[in-house]
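The values are calculated or read from the model by the stated rules, or taken from the named source; none is laboratory data. Treat the numbers as computed from the prediction; the structure is a model and nothing was measured. Don't worry about glycine lacking a Cβ; one is built from the backbone with ideal geometry, like all the others, and counts go over all protein chains shown. Just the protein is used for accessible areas: all its heavy atoms, side chains included, with ligands, DNA and RNA removed. Shrake-Rupley method; radii C 1.70, N 1.55, O 1.52, S 1.80 Å.
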Amino acid sequence: MQDSGPRPLLTVGLAGFGAIGQRVAVALDRPLPGLRLGAITSRDLELARERAEALLKAPPPVVPLAEMVFMVDVVVEAAPAQAFHEIATATLCAGKTLIVLSAGALLDSYEAYVNLAQQGGSRIHVVSGAIGGLDALAAAAVGEVESVTVVSRKPPRALAGAPYLEAHGLNVLELQAPQVVFEGTAREACRGFPANVNVAAAISLAGIGPDRTRVRIVADPTILRNTHDLEVIGSFGRFCLHIENVPTENPRTGVLAVQSVIATLMNLASPIRVGT
């Protein structure tokens, strides 16, 4: 049998060059086996060029989104949630793989994005982000699942400005003690806290859906880390997960979320994958 030779490098594009995009770029610049940083795009192209030149040994081209999607194999969506539709549509229509961090934005028009991926022959990978246990949850959901509950506890400054809080006149920055500020479904949580609950969206997509997944959000001035508690009960038994995330310079984003992007890219480039 003829040797097919080494696997080709997977070329990665970064759509967004903030806290997450810059950290992923630095990791790819090392470089990582099987991966190459091919291009960057951002709302402010000039600022992104300056940052890339300062951070990277081998800065890639910084170009508009419409150009970038045809220069790469994989696009990492690392921009604010309001930019998700433009990034996802351009990537999927170009037939490229989309790595999703803004799982809540994906959830809003899930079927439409799935249809786009099918039409373009592309794929969507939702990273685990700031949570773990999604492989166990997906396995559990093959059978009967009775309940999935996630409790997210965050410092007030990580929640400040959320549409749900503003609509209900809640100023979490004035809190002196922990307070539950939301209880409802994952779908409701994602609409009310678009920058805060991608964890809940990813959990709902891996498990029993956004309308059966229950979410509680606590603003807690006594903590410095974003914490999440996941409980799943079903025919398989029961599992619980507790995680405390060290934040990046952006209080809404944890270090683990960045590392989950890098791990996803490494899985795509690797000939072996461990886990469900």
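The listed residues are 223, 243, and the only one of them that is in a loop (DSSP other than H, G, I, E, B), touching a residue at least 24 places away in the same chain (Cβ under 8 Å) and hydrophobic (A, V, I, L, M, F, W, C) turns out to be 223. Screening residue 23 against (1) closer than 22 Å to residue 228 by Cβ; (2) among the basic types (Lys, Arg); (3) surrounded by fewer than 20 Cβ atoms within 10 Å (Cβ to Cβ) leaves a single unmet condition, (3).
For (1) loosely packed, with under 15 Cβ neighbours inside 10 Å; (2) at pLDDT below 95, each residue gets a yes or a no:
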| site | (1), (2) |
| --- | --- |
| 236 | no, no |
| 247 | no, yes |
| 250 | yes, yes |
| 272 | yes, yes |
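Part of a strand (DSSP E or B) and either open to solvent by less than 40 Å² (accessible area, probe 1.4 Å) or under 23 Å from residue 268 (Cβ atoms) (or both): does that describe residue 131? So residue 131 fails the test. Counting the residues of segment 176-192 that are closer than 11 Å to residue 218 by Cα and surrounded by fewer than 17 Cβ atoms within 10 Å (Cβ to Cβ) gives 5. Scanning segment 49-74 for residues that are open to solvent by less than 60 Å² (accessible area, probe 1.4 Å) and of a type in the set (A, V, I, L, M, F, W, C) yields 52, 56, 62, 63, 65, 68, 69, 72, 74.
If you check 77, 86, which single one turns out to be open to solvent by less than 40 Å² (accessible area, probe 1.4 Å), modelled with pLDDT of 95 or more, of a type in the set (Asp, Glu) and within 20 Å of the chain's Cα centre (by Cα)? Just one listed residue meets the conditions, 77.
Here is a yes/no grid of residues against (1) farther than 20 Å from residue 241 by Cβ; (2) of a type in the set (A, V, I, L, M):
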{"position": "183", "(1), (2)": "no, no"}
{"position": "188", "(1), (2)": "yes, no"}
{"position": "194", "(1), (2)": "yes, no"}
{"position": "197", "(1), (2)": "no, yes"}
{"position": "214", "(1), (2)": "no, no"}
{"position": "221", "(1), (2)": "yes, no"}
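Residue 199 passes every criterion in (1) part of a helix (DSSP H, G or I); (2) touching a Leu at 6+ places or on another chain (Cβ under 7 Å) apart from (2).
The requirement of being of a type in the set (D, E, K, R), in contact with a strand residue (DSSP E or B) (Cβ under 7 Å, 6 or more places away or on another chain) and open to solvent by 70 Å² or more (accessible area, probe 1.4 Å) is not satisfied by residue 43.
Can you tell me which residues in segment 89-100 are part of a helix (DSSP H, G or I) and open to solvent by 10 Å² or more (accessible area, probe 1.4 Å)? Answer for segment 89-100, where residues must be part of a helix (DSSP H, G or I) and open to solvent by 10 Å² or more (accessible area, probe 1.4 Å): 89, 90, 93. Filtering 75, 24 for residues that are within 29 Å of residue 272 (Cα to Cα), assigned to a strand (DSSP E or B) and aliphatic (A, V, I, L, M) leaves a single hit, 75. The set of residues from segment 152-166 being on the phi < 0 side of the Ramachandran plot and either surrounded by fewer than 18 Cβ atoms within 10 Å (Cβ to Cβ) or part of a loop (DSSP other than H, G, I, E, B) (or both) comprises 155, 157, 160, 162, 163, 166. Of all the listed residues (117, 103, 112), the sole one being open to solvent by 50 Å² or more (accessible area, probe 1.4 Å), under 24 Å from residue 13 (Cα atoms) and aliphatic (A, V, I, L, M) is 112.
Taken over segment 26-38, the criterion of being farther than 15 Å from residue 268 by Cα and either crowded, with 22+ Cβ neighbours inside 10 Å or within 15 Å of the chain's Cα centre (by Cα) (or both) is satisfied by no residue.
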